[in-house]
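Working notes for the structure below.
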């Protein structure tokens, strides 16, 4: 009679495993991006302000992902702009029109 393998720990575990809980349902990739120190400081201030307001899951990466998705969903054609400065101006103009 063949021996049965015990069920894996992941299949029988009712509690979440070690490590950070998953916050993304879709596939993701880790990307390294160089930011200016002033940008990192500003993102950290925004995340800290959000946490003080009770939004505990706001992170620097979450802010960046939200900004990217917002720009992508806006319909703004970033390929029409040939430099970082022109993209920045186009995004700023688009946001100011909506305020």
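The values are calculated or read from the model by the stated rules, or taken from the named source; none is laboratory data. Keep in mind the model is a prediction, meaning the values are calculated, not measured. Heads up, the Cβs are rebuilt from the backbone with ideal geometry, glycines too, and the neighbour counts pull from every protein chain shown.
Cβ-Cβ distances below 7 Å connect the following pairs, each with a first residue in region 70-92 that is at negative phi and part of a loop (DSSP other than H, G, I, E, B), a second residue that is surrounded by 13 or more Cβ atoms within 10 Å (Cβ to Cβ) and at pLDDT below 90, and a separation of six or more residues or different chains: 74/94; 76/94.
Restricting 62, 54 to residues that are at pLDDT 90 or above and not in a loop (DSSP other than H, G, I, E, B) narrows the list to 62.
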